[in-house]
Structures are given as C-alpha cells and as structure tokens.
Amino acid sequence: MGARRRNAPGAVQMIGVPKLRSNLGLSNGEIAAKLIEIRTLAEMAGQPFYEYMAYEKAAASIENAPPLAELVASGKHLRLPGIGKKIGAVIEQLLKTGTAEPLEVLHKRFPPTILEVLNVDGIGTKSAAMLFDKFGIASLDDLERALREGRLDDAPRLGVKTLANWRRNLLAYKARVLRTPLARARSIAREVMDYMAEGPPVHRLLPAGSMRRQEVTVGDIDLVCTAEDPQAVIARFASWERAEAVLAEGSTKASIWLAGGLQIDLRVLPPHVYGNLLQHFTGSRGHNIKVREYAVRKGLRVSENGILDLASGGIFTTAEEAEVYAHMGMDFIAPELRSGLDEVDLALKGTLPKLVEIEDVRGDLHMHTTWSDGRDELEEMIEAAAARGYEYHAISDHSPGRGRFGLSAQRMREQKDVIESLRGNYAIHTLHASEVDVLEDGSLDYSDEVLAQFDLVIASIHTGFHESRDAITRRIVRACENPYVTIIGHPTGRRFGEFEGYEFDLNAVFSAAARTGTALEIDGQAPRLDLSGTMARHAATFGVTFALDSDAHRVEALEGVELALGQARRAGLTKDQILNAKPLPELLNFIRTKRSRH
Ligand code: DGT
Ligand code: CA
Ligand code: CA
Ligand code: ZN
C-alpha cells in the first residue's frame with residue numbers, strides 16, 4: 001500500500017534523531033518527521049485524503065527550505081510553497097512546543113507507539129487501526145505477543161497466510177532495523193543513568209543484556225539496580241523527559257520507549273539476589289541455557305531467583321554475580337564471552353582466555369586531525385591522547401585519494417616535520433602515520449618511497465566497494481603484501497545503517513594477514529566496529545595480530561578504543577594478540593620486521 005511505504009522511511013528516519021523537548025533547534029528533518037506522523041495517524045483515524053495528503057506535501061516541501069527554526073525565531077511568518085496557513089500554524093507550534101494540536105488530538109486516539117506496527121511489511125494504516133481498535137495492539141511488542149499467543153487466529157478477514165507473513169515480516173523487521181548500534185545505545189544509557197543518579201538513591205545501576213555483552217547492536221537496553229525505595233526510582237525513570245511513551249510501569253520494573261523505537265527496561269532488584277538476577281538478565285539466552293543444562297547434571301536448578309539444590313531443597317542466593325559461577329564450580333565468565341558457544345566448557349576446565357583489558361592498551365594507532373578530515377587540531381589530538389595516559393599514539397591522516405582531504409607527499413613531509421618538532425612537548429610518543437587508500441588494483445595511494453617515510457601505515461579501502469568478491473580479496477591481499485603496510489583499516493567497510501560491508505574471501509585475507517605480519521584493525525568508530533568480535537574471533541584462528549583503534553576524527557571520539565576493546569574481548573583475545581598492547585620498542589619491532597623481510 002502506497003501509504004505504508006511512504007510512512008516507513010519517515011518512521012525509520014526518526015531513528016538516531018534525538019528528539020529535543022526544548023523547542024529551539026528542531027531541524028527541518030525533525031519537523032518533517034512530525035508532519036509525516038500527523039499524516040499517518042490522520043489516515044489511520046479515517047480523515048479525508050486531501051487533508052492528510054496536505055501534511056505529506058508540506059513535509060516534502062520543507063526538506064529543501066531554509067531552516068524553519070531560524071525563520072520563525074526571526075519573527076517572520078511562514079510562507080512557503082505548498083504550505084497553507086493551517087499547516088504553517090502547526091509548524092510554528094511544533095517549533096515552539098515540540099508538539100501541535102492536531103498531533104495531540106491524534107495521540108488521544110492512537111498512542112505514538114502504533115507507528116512501529118506500520119514498519120511490518122504488509123501492515124498498512126487500515127490494518128493497524130483495526131488491530132488497535134479490535135485487539136488493543138498499540139505497539140510492535142503487543143503485535144508480537146498477540147501473534148505468538150494466537151489471539152489473531154480467529155479474526156475475520158485475516159487468513160492463516162496473512163498472519164504467517166506478518167509474523168515473519170515482524171521478526172525480519174526487528175532483526176534488521178530495530179537494533180541500535182552499541183555506541184548510540186551506550187550514550188543513551190549514560191544519559192539515563194546520569195539522570196537517575198540525580199534522583200532518589202539508586203545503587204549498583206548497570207546495563208545488563210546485550211549491552212553488557214558488548215554486542216555490536218542492541219535490541220533494547222536492560223538496566224538493573226537496587227534501591228531502598230523502588231517505587232520512587234521507577235517513578236523517576238518513567239518520567240524521564242526523553243521517554244516518548246511508557247510501555248509498562250510496575251512496582252519494581254518499568255519500560256520506556258524513545259523516539260525511533262529504542263526501548264529501555266529498568267528493573268529494581270532485591271539486594272540479596274542481585275548477583276543471580278544480574279547473571280540472568282545479562283544473558284545471552286544461549287549462554288543461560290548452557291549454564292542451566294550443566295547445572296541440571298549436577299542436581300542444581302538455576303533461575304533468576306537463585307540456585308536450587310534439587311536434593312536438599314536449599315536455595316543459594318547471592319549479591320555477587322561471580323558467586324553464581326563459583327557455586328557451580330566454574331571460573332567466572334566475562335559478560336563478553338557469554339554467547340552460548342564453548343565458554344561454559346572452558347570455564348569448567350579452567351581454560352578461558354585471560355581477556356585483554358583497557359589497562360593493557362598502551363596506545364591508539366588511528367586518528368585524524370584538521371590536516372585531513374578531522375575536526376580537531378594536531379596538537380589537540382596529541383594532548384588528548386596523552387591525557388588518556390597512553391605511552392604512544394599515531395596520527396594517521398588520509399592519503400591524497402581522499403579528495404580535498406588527503407595529504408599530498410609534500411604536505412605529508414610538512415606534517416612529519418611538525419610532529420618531529422613537537423616531540424618532547426608531551427608525555428607521549430607520537431608516531432607519524434598515514435591512512436592510505438588501497439586503490440582499485442590493490443596498489444597504494446603513495447609510492448613505496450613516500451610510505452617508507454612514515455613510522456606506521458594503515459591501508460584502508462574507501463572506494464570501489466562494489467567490485468567482485470575476487471577483486472576485493474585480491475586488493476586486500478595485495479595491500480597485506482606491501483612491506484610498509486602495518487595495519488589493514490576497518491577491514492570489511494561495514495557502516496551501520498549505510499553499508500553492509502564489501503564481500504571478500506575471509507580465509508584468504510586472514511591467512512595473508514597472518515603470513516605477512518600485517519595486523520587487522522578493530523576499528524571502534526561508532527558506525528563501524530569493524531572487525532566485529534565475531535569476525536575477529538574467526539581471524540584469530542589464523543594467528544592474526546589485531547590493532548584496537550578509535551579512528552577518532554575529534555577529541556571525544558578517542559573513547560572509541562573502548563568499543564574496539566569490547567569487540568576484542570568478545571573475540572576472546574588476550575593482550576599478546578594486540579599490537580597496541582605491546583610496549584613501544586616491540587611495536588616498532590613488529591613494523592621493522594615486516595619491512596625488512598622484503
Ligand atoms: P537484545 O535486547 O535483543 O539485544 O538481547 P538481550 O540479550 O539483551 O535480550 P533481552 O533484552 O530480551 O533480555 C535480556 C536478558 O535477559 C537475556 O539475554 C536473557 C534474559 N532473558 C530474558 N527473557 C528471557 C527468557 O524468556 N528466557 C531466558 N532464558 N532468559 C531470558
Ligand atoms: Ca536487551
Ligand atoms: Ca529487554
Ligand atoms: Zn580513518
């Protein structure tokens with residue numbers, strides 16, 4: 001249905017746009033999203049076609065208009081092509097208050113969460129309105145539950161086939177779109193946790209679930225805590241100003257929903273079972289199943305309420321998560337390893353890897369400055385890297401291939417001189433590096449003569465993503481074979497919500513990296529996390545060394561190393577597999593060894 005299709009991109013577009021309660025600074029895109037919301041809800045409410053289409057036209061026409069917030073702030077009346085007086089007034093209300101009368105009226109008819117339902121392929125505005133009116137389905141979760149419980153099975157006009165399609169499309173949608181990149185989830189979690197810290201006393205507040213396991217994307221955020229007054233803590237949580245809707249509010253648990261579809265659950269746990277519950281809610285489901293299976297063999301039943309000894313009937317509860325594992329006779333399993341693979345077996349044998357920790361990281365080998373496409377000055381980046389306590393770091397601006405951003409050989413030499421002149425000013429060793437483009441034939445964007453002048457070289461693919469799998473494989477392998485290339489940057493090219501990553505023969509690339517002594521990057525830039533933990537785990541079986549990098553383009557982004565670390569830990573990596581966990585002389589030796597082998 002045309003209407004649904006038109007709506008879908010609007011709804012998806014809201015993901016990632018932090019909705020400001022304060023009227024100031026609503027972007028045209030955000031206003032357009034609101035107008036599309038009115039348009040869609042109006043169609044659901046059965047308003048006349050020409051009325052709701054006017055909103056759609058208005059939304060389209062403001063995309064190319066100058067910033068409306070500024071127009072209105074300067075006291076001018078909105079007079080734009082395709083926007084009548086009525087919608088002009090709505091826009092002014094949106095800018096002043098973040099909402100508007102027609103939207104409020106429609107929200108009395110339908111909760112805002114109903115828009116989620118339209119993202120399921122095959123469900124249009126008519127079906128969504130019917131599902132709400134007849135079955136009280138107000139959100140994607142409601143729909144999922146109704147489908148699971150078979151409550152729609154007898155509904156008139158909904159055949160078995162339709163329901164099966166909805167079920168499948170719903171799962172596909174959730175898996176595809178409704179997951180939030182870890183970096184964004186982390187910053188939202190930090191925000192809500194700061195907000196909670198300013199309210200009634202709350203203790204041991206922590207994200208559990210996939211976020212604690214450092215999964216690349218999270219379905220929702222699961223916060224746990226303890227509190228003397230759970231009710232007060234829940235009430236504060238449910239009244240967070242960024243909550244678009246409160247999905248559930250009980251005495252010890254609440255769920256809120258943010259614009260764009262990210263859900264946050266908060267559970268206030270009784271202190272004496274905090275350890276058991278934290279273990280339970282950290283998951284993964286697969287891990288918990290493995291733990292339970294093993295426990296049963298020992299005559300124990302593990303649940304969120306404690307560990308029941310089936311023979312004696314005694315129940316073991318603990319405030320400390322580590323004791324849950326200890327009680328079953330296994331080593332503590334770091335959350336990042338709780339994926340349901342072989343971690344329970346290893347914990348029982350006492351052979352879990354000793355995972356690399358943040359303290360092991362001695363430097364960051366990938367960052368940009370205003371010399372290429374970074375936001376901050378060279379000296380600001382050096383200072384910030386030093387402030388993080390690193391022993392060394394690398395400044396790695398782009399090669400000329402990056403258009404107007406890249407450094408010519410001449411500029412590169414100038415930068416080298418500047419960096420050398422600054423050495424000694426900071427308590428950190430600065431390596432002069434380059435992030436050099438791998439060209440379409442696998443050659444590099446600087447000659448070997450130029451490359452030889454850098455202390456370290458990262459080779460990355462930034463163009464020609466759509467070449468064949470063989471061609472890409474050859475390009476990366478050839479880059480590995482260049483003696484000056486120390487690191488392959490963001491090896492798969494994946495960017496959340498934009499690009500899945502180019503395809504190549506993993507085995508060929510991983511074995512080439514190991515054979516040539518080339519490190520593979522775990523790039524911690526928010527939209528990347530590349531290699532992911534899963535990929536890095538696979539690469540590690542080839543004996544590859546890894547570099548945990550921020551790929552920062554501004555000072556604050558240096559914390560990307562923490563995200564890279566999370567993926568390394570998910571991969572089960574130890575510090576001796578990490579290039580930038582080596583002391584400087586060993587790092588330099590790694591670089592020299594490869595260069596001298598050729
Ligand atoms: P997500 O949110 O899709 O990224 O993944 P998780 O792992 O955060 O899953 P979520 O939020 O549904 O639940 C958090 C953890 O709570 C999950 O990893 C394991 C535990 N859990 C929740 N519901 C169940 C359940 O029905 N059975 C079991 N065994 N564990 C559950
Ligand atoms: Ca979750
Ligand atoms: Ca959850
Ligand atoms: Zn970069």
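If the reach is capped at under 26 angstrom between alpha carbons, list the lysines near residue 253, excluding any in the same chain fewer than eight residues apart.
In chain and number order, the partners are 19, 108, 174.
For the stretch 241-319, what mean projected area does the convex hull of the alpha carbons give, in nm²?
Details: hull surface 26.3 nm².
If you wrap the Cα atoms of the stretch 241-319 in a convex hull and average its projections, you get 6.6 nm².
Can you give the calculated 222 nm mean residue ellipticity of the chain, where each DSSP H run of n ≥ 4 adds -39,500 (n - 2.57) and the sum is split over every residue, rounded to the nearest 500 deg cm²/dmol?
Working: 25 runs with 261 residues, N = 598.
Estimated from H runs of four or more residues: -13000 deg cm²/dmol.
Cα to Cα, under 22 Å, and not fewer than 8 places away if on the same chain: which lysines meet these conditions relative to residue 349?
The reachable lysines, counting only those whose Cα sits under 22 Å from residue 349, are 290, 298, 575.
Could you tell me the convex hull volume per residue, in Å³, taken over the Cα atoms of the stretch 58-162?
On the way: hull volume 13.5 nm³, N = 105.
Value for the stretch 58-162: 128 Å³ per residue.
In the stretch 396-495, which GluC sites (Glu not before Pro) are in a loop and have at most 15 other Cβ atoms within 10 Å, using DSSP for the loop call? Intermediate results must be reported in sequence, preceding the final value.
Details: sites: 414, 420, 435, 440, 449, 467, 481; in loops: 440, 467.
Answer in residue order: 440.
Which of the GluC sites (Glu not before Pro) across the stretch 28-87 are loop residues per DSSP, with 15 or fewer other Cβ within 10 Å?
Numbers: sites: 30, 37, 43, 51, 56, 63, 70; in loops: 63.
The qualifying sites are 63.
Would the stretch 478-541 count as rounded, prolate or oblate if I go by the C-alpha gyration tensor, calling it rounded below 1.5 in a/c and otherwise prolate when a/b exceeds b/c, oblate otherwise?
Values: a/c = 1.85, a/b = 1.64, b/c = 1.13.
In terms of gyration-tensor shape, prolate.
Translational D (Stokes-Einstein, µm²/s) of the chain at 20 °C and 1.002 mPa s when Rh comes from the Kirkwood sum over C-alpha pairs? Don't jump to the answer; show the numbers that get you there.
Working: Rh = 27.0 Å.
The calculation lands on 79 µm²/s.
Would you compute, for the Cα atoms of the stretch 358-596, the largest minus smallest coordinate along each principal axis and list the three values in descending order, in whole Å?
46, 40, 37
What percentages, rounded to whole numbers, describe P(r) for the stretch 274-349 computed over all alpha carbon pairs with 10 Å bin width beginning at zero?
21, 61, 18, 0
With a cap of 11 neighbouring Cβ atoms within 10 Å, and only residues DSSP puts in a loop, list the trypsin sites (Lys or Arg not before Pro) found in the stretch 25-127. Intermediate results must be reported in sequence, preceding the final value.
Values: sites: 34, 39, 57, 76, 79, 85, 86, 96, 108, 109, 126; in loops: 76, 79.
Within the stretch 25-127, the qualifying trypsin sites (Lys or Arg not before Pro) (loop, at most 11 other Cβ atoms within 10 Å) are 76, 79.
How charged is the neighbourhood of residue 394? Take every other residue with its Cβ under 9 Å from the Cβ of residue 394, and add Lys/Arg as +1 and Asp/Glu as -1.
Details: positive: none; negative: 364, 455, 549.
Within the 9 Å Cβ shell, the charges total -3.
Grab every C-alpha pair in the stretch 180-269, bin the distances at 10 angstrom width from 0 up to the longest one, and report whole percents.
It works out to 19, 56, 25, 1, in whole percents.
Using only alpha carbon pairs under 8 Å that are at least six residues apart, calculate the relative contact order of the chain and give it in whole percent. Walk me through the intermediate numbers first.
Values: 1081 pairs, mean separation 53.7, N = 598.
Relative contact order for the chain comes out at 9 percent.
Only the coordinates and a few stated rules stand behind these numbers; no lab work does. Worth saying up front: this structure is predicted, and the values here are computed from it rather than measured. Because the Cβ atoms are built from the backbone with ideal geometry, glycine has one as well, and the counts that use them run over all protein chains shown.
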